[in-house]
Every structure is written in structure tokens, then in C-alpha cells.
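Just so it is clear, none of the values below were taken in a lab; they were calculated from the coordinates. These figures come from a predicted structure and were not determined experimentally. FYI the Cβ positions are ideal-geometry reconstructions off the backbone, even for glycines, and counts take in every protein chain you see.
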Amino acid sequence: NAGVTQTPKFRILKIGQSMTLQCAQDMNHNYMYWYRQDPGMGLKLIYYSVGAGITDKGEVPNGYNVSRSTTEDFPLRLELAAPSQTSVYFCASSDNSRSGNTIYFGEGSWLTVV
Amino acid sequence: AQSVTQLGSHVSVSEGALVLLRCNYSSSVPPYLFWYVQYPNQGLQLLLKYTTGATLVKGINGFEAEFKKSETSFHLTKPSAHMSDAAEYFCAVFFSGSARQLTFGSGTQLTVLP
């Protein structure tokens, strides 16, 4: 009963390094999302995807890239990491575009940029 | 602009007391409304949601929320707090035409005192 799986759970990056946060879901959901969570700020949408091959920017996309080559996977790429990208990252998915459907979250990836 | 406001970033209640967490939204059309709970170092878990129909919605762990269109509110309540309710709670709103994105409030940290 995996749901949404994120890796790694914790990571420390140096300024200027790059990395990819992996996200996979086994629920055959069309929609997938990446959020970041900063203290006292709630969750902000970075990117989302409505299906394989289709991605779009959310509220805070700068410094990130995504791809969606399969229904299951939605990796988030950080290029040239900056201290401002220190945050908790959540991947999520939902099964279609109906607004009443629930969004399911992964357990988060804690990223520190030093 | 459409927005979600959670009043009170920190709420403390005694064990056995009423829990009331406030959420207001700003929208010209009725949105879909959600409450999520986040326990330390975990992802977000759906507590309850309102889409259509009955305005009083019951969720897990004894929580409920009432959609009041006239007040543009969706406050979360629980008659008797338990120590295990200590967590962060997020109100989230889906606005029609928002490209299938949830907008989150900034969160309310609930502390339950013995």
C-alpha cells in the first residue's frame, strides 16, 4: 500500500550543486504536484502535471524543473541550489481533474542548502 | 484575488476542551474545501472535505467542519481534544478555474495541554 513515495527523505546540498527529488505513485493518478513548505507559509505549488508529457508552472517555479515521462513518476530537479531552496518538499497526486477528489501526499523530503 | 486565511497560527487547548480552528476564504464562486492534518515529520493527511451537499461535514478522528457560504468560512471543530490531536492543521481550497490546484492556508499549530 505504497501510495506516493518520495526519495530521499533528507539531503544536504552545497550552494551551486544540483539534485533530483524522486517521486513515484502507484495509484494510476493522472495529476501530480510538487509543493514546498516553509515555516508559517503553508504549502506553495512549484509545478504540477495533468498527465504524462504535460507539465505546468505553479506559484513558485523558479530554480526548479520537472518532467513527466510516465504516469507513475514525477521527478523534481534543482539546478544550482541556493539557500532559499532550503525547505520541505512534498510530492502529491490525485486521480483526475474533478475538484472534489482528494490529493494524496508523500511523506516529504527535507532539503538543506548550505 | 482568491485566498485562504487561517486565523491563529498557534492554538492551545486543554485536553477535553473544544477545539476550534478557523478558516476563511475569499472567492466569487463557491469553492471546494478541505482540512488536512500534518503530524511531525510526516506528510499531510486528509481530515475531511466539502464539495457539494450537506454543509456539515464529518471527518476522521472526531473532527467536523461546517461550510457557511454567507460567512465564507469552513471552521474545523472537535468537541473534546485529545493529546493525540496535537499537530499542524491546514485548510485548503480548490477554486474553480484554478488549473486544478489547491490553495493552502498558512497552517495552525494545535497544542493540547494536559
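Check B:ALA87: other-chain or 5+ apart residues with amide H under 5 Å from its amide H, H built from backbone geometry?
Under 5 Å from the amide H of B:ALA87: B:LEU110.
Hey, got the average number of other protein chain Cβ atoms within 10 angstrom for residues in A:36-44?
Rounded to a whole number, the mean comes out at 5.
Going by Cα centres, segment A:1-27 and segment A:62-81 are how many Å apart?
Between the Cα centre of segment A:1-27 and that of segment A:62-81, the gap is 10 Å.
Using θ = phi - 60° and the Karplus relation 6.51 cos²θ - 1.76 cosθ + 1.60, list the HN-Hα couplings for segment A:70-75 in order, rounded to whole Hz, with x at every Gly or Pro.
These are the phi-based 3J(HN,Hα) values: 9, 5, 7, 10, 8, x Hz.
Using 1/(1 + (r/R0)^6) with R0 = 35 angstrom and r between the beta carbons of A:ASN28 and B:VAL29, what's the FRET efficiency to the nearest 0.05?
Between A:ASN28 and B:VAL29 the formula returns 0.70.
B:SER106 to A:THR102: FRET efficiency via 1/(1 + (r/R0)^6), r the Cβ-Cβ distance, R0 22 Å, to the nearest 0.05?
0.55
Under a 10 Å cutoff between Cα atoms, tell me which one of B:GLY16, B:GLY53, B:GLY62 has the largest fluctuation in the Gaussian network model of chain B.
B:GLY53
A:THR5 versus A:SER69, label points 7 Å from Cα toward the beta carbon: distance in nm?
1.8 nm
If you build a Gaussian network model of chain A, linking Cα atoms that sit under 10 Å apart, which residue out of A:MET27, A:MET19, A:MET41 swings the most?
Largest GNM mean-square fluctuation: A:MET41.
With contacts defined as alpha carbon pairs under 8 Å and 6 or more residues apart, what's the relative contact order of chain B in percent?
It comes to 36 percent, rounded to a whole number.
To the nearest 0.05, what FRET efficiency results for B:SER14 and B:THR51 with a Förster distance of 41 Å applied to their C-beta separation?
0.75
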